[in-house]
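What follows is calculated from the coordinates using simple rules that are stated; it is not laboratory data. Remember, predicted model here, so these are calculated numbers, not experimental data. Heads up, the Cβs are rebuilt from the backbone with ideal geometry, glycines too, and the neighbour counts pull from every protein chain shown.
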Amino acid sequence: MLSHVRYEVNPNRLWTFGKGQFETAFTITQAQLQNALKACELVKSGIYKLDKNETITLSTRQSITNKYEETLTPLFITNPNEGATVEFSSPVYAFFEKDQMLNIYMKDEFPLLIVANDRILLKAPHIGA
């Protein structure tokens with residue numbers, strides 16, 4: 001299902017998965033993702049929300065006062081006017097090498113796809129209350 005997916009320096013293709021197609025993509029460094037997720041881990045909710053609209057934010061929330069949000073600055077954005085939100089669990093940065101560039105593909109209620117030059121991670125979205 002993902003054999004057609006390849007890393008692109010500037011992702012200008014939106015890959016398909018099953019019968020659906022990712023609607024937006026952006027590129028960040030592994031260090032950006034790791035730093036944001038490590039800060040989110042301090043909240044101890046275990047659920048992370050990646051939200052792309054006018055800005056790209058990574059956040060987590062355990063309660064109204066115990067929450068964290070960080071804005072990510074992408075190096076490249078594909079389909080910048082398309083928004084998407086995906087919630088997931090686990091620190092996905094650990095799968096990638098420290099100096100890697102990561103293309104992150106998103107669509108609402110769809111798996112999160114992270115592509116580096118030598119590995120691909122498809123993360124099921126978190127579904128819950």
A 25 angstrom limit on the alpha carbon distance is what I want to check against. Which of 52/98; 52/123; 19/44 exceed it? 19/44
Measuring from the longest principal axis of the C-alpha atoms of the chain, the long axis of helix 30-41 (C-alpha) lies at a number of degrees, nearest 10, equal to 30
Taking region 23-123 and dividing mean pair separation by its residue count, relative contact order in percent (alpha carbons under 8 Å, at least six apart): 34
Starting from the 7 Å offset along Cα-to-Cβ, what nm value, one decimal, do you get for the label separation of residue 98 and residue 117? 1.7
Given [x] 34, 29, 27; [y] 42, 31, 26; [z] 50, 35, 25 as possible values of Cα extents along the principal axes in Å, the one from the coordinates is [y]
Among 24, 55, what is the fewest-to-most ranking by other Cβ atoms within 10 Å? 55, 24
Heads up, region 57-103 by the C-alpha gyration tensor (a ≥ b ≥ c square roots of eigenvalues; a/c under 1.5 rounded, else a/b over b/c prolate, else oblate) looks oblate
Taking R0 as 22 Å and r as the Cβ-Cβ distance between residue 16 and residue 109, the FRET efficiency 1/(1 + (r/R0)^6), rounded to the nearest 0.05, comes to 0.90
With loop defined by DSSP as not H, G, I, E or B, and exposure as at most 11 other Cβ atoms within 10 Å, which is the longest segment of the chain clear of exposed GluC sites (Glu not before Pro)? 1-53
Among 122, 102, 75, the residue whose Cα sits farthest towards the positive end of the charge dipole of region 67-129, when +1 is placed on the Cβ of each Lys and Arg and -1 on the Cβ of each Asp and Glu, is 122
FRET efficiency for residue 66 and residue 31 from the Cβ-Cβ distance with R0 = 22 Å, rounded to 0.05, comes out at 0.30
